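Structure record follows, encoded as structure tokens.
The values are calculated or read from the model by the stated rules, or taken from the named source; none is laboratory data. None of these values were measured; they are calculated from a predicted model. For neighbour counting, all protein chains shown are included, and Cβ atoms are generated from backbone atoms with ideal geometry for every residue, glycine included. Surface accessibility is based on the protein's heavy atoms, side chains included, excluding ligands, DNA and RNA. Shrake-Rupley method; radii C 1.70, N 1.55, O 1.52, S 1.80 Å.
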Amino acid sequence: MKRVLIKVTGSVQGVCFRRYALQKALQLGLTGYVTNQEDRSVRILAQGSFPAVDNFIQWCHQGSPQAQVDDVLVEEDEANDIYLDFSIV
């Protein structure tokens, strides 16, 4: 199992980024969450199989059709929280 925290910056709020991220995560069988941040970035916690998480990270570089992604920062997360689904927070 792989678990990462992702910060996506650019024009990523107000363009349905979270909704598309939810759809992609569910398609890949990931659990975790996606949420808007005060600095206009989007934060994502994604956990699942190594290939699925890597695929999701690649998707984040493009995001929703109207998004303009400037940067995607990824860090491994070692927390023990258990998520049973993927949700928008």
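If you take the charge dipole of the chain about its Cα centre, with +1 on Lys and Arg Cβ and -1 on Asp and Glu Cβ, which of Val34, Phe17, His61 is farthest toward its positive end?
Final value for the positive-end residue is Phe17.
What's the magnitude of the charge dipole for the chain around its Cα centre, counting Lys and Arg as +1 and Asp and Glu as -1 at the beta-carbon? Answer in Debye, nearest 20.
In debye, rounded to 20, the chain gives about 360.
Give the ranking of Val89, Val69, Val4 by solvent-accessible surface, highest area first, calculated with a 1.4 Å probe.
Val89, Val69, Val4
Given the rule -39500 (n - 2.57) for each run of at least 4 DSSP H residues, summed and divided by the residues of the chain, what is its mean residue ellipticity at 222 nm, to the nearest 500 deg cm²/dmol?
-8000 deg cm²/dmol
Can you give me the % of accessible surface on the chain that is carbon or sulfur? Probe 1.4 Å, all protein chains present, nothing else counted.
Exposed carbon and sulfur together represent 46 percent of the surface.
Hey, what's segment 40-81 come to in accessible area per residue, 1.4 Å probe, Å²?
Value returned for segment 40-81: 61 Å² of accessible area per residue.
Which parts of segment 52-84 would a label at Ser11 reach, counting a residue when its backbone N lies under 19 Å from a point 7 Å out along Cα-to-Cβ?
Once the point is set 7 Å along Cα→Cβ of Ser11, 60-72 turn out to lie under 19 Å by backbone N, inside segment 52-84.
Would you kindly compute the Cα radius of gyration of the chain and its largest Cα-Cα separation (Dmax), both in Å?
Computed over the Cα atoms of the chain, radius of gyration and Dmax are 11.6, 34 Å.
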